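Step one of this worksheet: look at the structure below.
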Amino acid sequence: MTAVSVLGAGSWGTALALLIARNGHPTVLWGHHAEHMAKLGASRCNERYLPGARFPDNLRIVADLAEAVRSAEILIVAVPSHAFRSILTSLAPYLRPETRIAWATKGLELQSGKLLHQVTEDVLGSNIPAAVLSGPSFARDLAANLPTAITVASRQAEFAKTLAELLHNNRFRAYTTDDIIGVQLGGATKNVLAIAAGVADGLDFGANSRAALITRGLTEMMRLGLALGGKPETFMGLAGVGDLILTCTDNQSRNRRFGLGLGKGIPREQITAEIGQEIEGVLTTKIIYQLAQNLGIEMPITEQTYKILYEGLSPLEAVNNLLLREQKAEAMDC
């Protein structure tokens with residue numbers, strides 16, 4: 001059995017902690033709000049995010065970061081991308097030499113545009129074994145023990161294998177890869193495209209539009225991903241097209257629901273309040289758009305989503321801008 005600490009007690013962090021504890025590993029779930037963690041410990045359930053999913057006896061709830069880090073052989077970080085560097089900085093003093101780290105965060109660093117493995121190297125150095133978990137997976141389905149498959153990416157093959165075995169059971173399957181760049185970019189870019197898909201559905205443009213948007217969105221994902229060093233097969237797998245389809249088509253996706261609201265003309269503040277959780281794609285849209293501009297990569301869906309979010313463009317105008325683009329041959333010109 002492997003001692004694991006999951007850092008971040010939102011829906012996804014809680015679901016991962018449930019999975020690992022159910023697999024028999026001694027598990028700690030940490031969150032930075034002491035009052036919230038006290039409620040979780042008392043009720044033995046995260047009623048806010050995953051009502052009805054009872055905590056196993058081997059899942060321990062703590063609000064002390066030092067305790068969570070020192071007790072773990074493997075850390076899994078599940079915080080929003082804007083908090084990723086700060087949590088690594090906070091935990092660094094408590095790391096043991098043998099500790100390994102993974103993250104389930106889908107996004108990039110806002111200020112620098114760096115991928116999260118680069119942020120990890122900045123803060124913790126390049127010697128610590130590091131991995132990312134990504135793929136088509138909603139927290140509610142995972143907590144309900146419904147069949148799920150994801151990708152584990154690490155440049156240390158043994159660590160990827162260890163994580164995959166740690167997560168595996170008869171309802172959860174993890175595949176491994178060394179493409180840590182591609183897996184991260186797939187997980188980040190799909191959130192941008194999910195907002196766009198939600199906008200189109202909010203405008204009642206129908207299934208044809210959604211299918212076209214997903215397909216052309218995959219092209220954009222691949223253009224950026226290959227330019228930054230990702231592998232083509234990654235984007236055709238779970239962490240690419242798999243996660244993209246899930247997030248663009250199911251209303252468990254916060255990013256899709258946010259886009260739906262925009263398409264229906266609901267004020268952003270109201271949409272955000274109703275969702276009540278982090279909408280990762282809003283900040284990620286800005287980062288991905290800026291990356292594409294800097295690299296000279298054509299990402300028209302991302303560009304129009306950026307203009308809706310940051311330049312006040314109406315959703316209908318954005319769609320018209322896409323439809324009025326110059327006609328061209330279809331090609332995966334990545």
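The residues of the stretch 159-216 that are part of a loop (DSSP other than H, G, I, E, B) and open to solvent by less than 20 Å² (accessible area, probe 1.4 Å) amount to a single one, D179. Scanning the stretch 282-289 turns up no residue that is outside the structural domain of P80 (by the TED database) and not in a helix (DSSP H, G or I). Contact annotation: residue pairs with Cβ atoms under 7 Å, 6 or more positions apart or on different chains, pairing a residue in the stretch 30-49 that is farther than 18 Å from A78 by Cβ with a partner that is outside any loop (DSSP other than H, G, I, E, B) and open to solvent by 60 Å² or more (accessible area, probe 1.4 Å), are R44/R54. Under the condition of being touching a Leu at 6+ places or on another chain (Cβ under 8 Å) and either in a loop (DSSP other than H, G, I, E, B) or of a type in the set (S, T, N, Q) (or both), the residues counted in the stretch 106-133 number 9.
All of (1) without any contact (Cβ under 8 Å) to a residue 24 or more places away in the chain; (2) open to solvent by less than 20 Å² (accessible area, probe 1.4 Å) hold for G125 with one exception: (2).
Here the stretch 146-158 is the region considered, the condition is being open to solvent by 10 Å² or more (accessible area, probe 1.4 Å) and assigned to a strand (DSSP E or B), and the residue that is farthest from L246 (Cα to Cα) is T151.
Look at (1) closer than 18 Å to R140 by Cβ; (2) without any contact (Cβ under 8 Å) to a residue 60 or more places away in the chain; (3) within 19 Å of the chain's Cα centre (by Cα) and you find that N191 fails only one, number (2). Farther than 19 Å from D178 by Cβ, touching a helix residue (DSSP H, G or I) at 6+ places or on another chain (Cβ under 9 Å), in a helix (DSSP H, G or I) and assigned by the TED database to the domain that holds E280, is that true of N251? Answer is no for this residue.
Condition check ((1) under 22 Å from the mean Cα position of the chain (by Cα); (2) open to solvent by 70 Å² or more (accessible area, probe 1.4 Å); (3) modelled with pLDDT of 95 or more) across all residues:
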{"residue": "G242", "(1), (2), (3)": "yes, no, yes"}
{"residue": "I245", "(1), (2), (3)": "yes, yes, yes"}
{"residue": "R256", "(1), (2), (3)": "yes, no, yes"}
{"residue": "G265", "(1), (2), (3)": "no, no, yes"}
{"residue": "Q270", "(1), (2), (3)": "no, yes, yes"}
{"residue": "L313", "(1), (2), (3)": "no, no, yes"}
{"residue": "L316", "(1), (2), (3)": "no, yes, no"}
{"residue": "E326", "(1), (2), (3)": "no, yes, no"}
{"residue": "A331", "(1), (2), (3)": "no, no, no"}
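The values are calculated or read from the model by the stated rules, or taken from the named source; none is laboratory data. Because the structure is a prediction, the values reported are computed rather than measured. For neighbour counting, all protein chains shown are included, and Cβ atoms are generated from backbone atoms with ideal geometry for every residue, glycine included. Ligands, DNA and RNA are stripped out before the accessible areas are found, and what is left, the full protein with its side chains, is counted by its heavy atoms. Shrake-Rupley method; radii C 1.70, N 1.55, O 1.52, S 1.80 Å.
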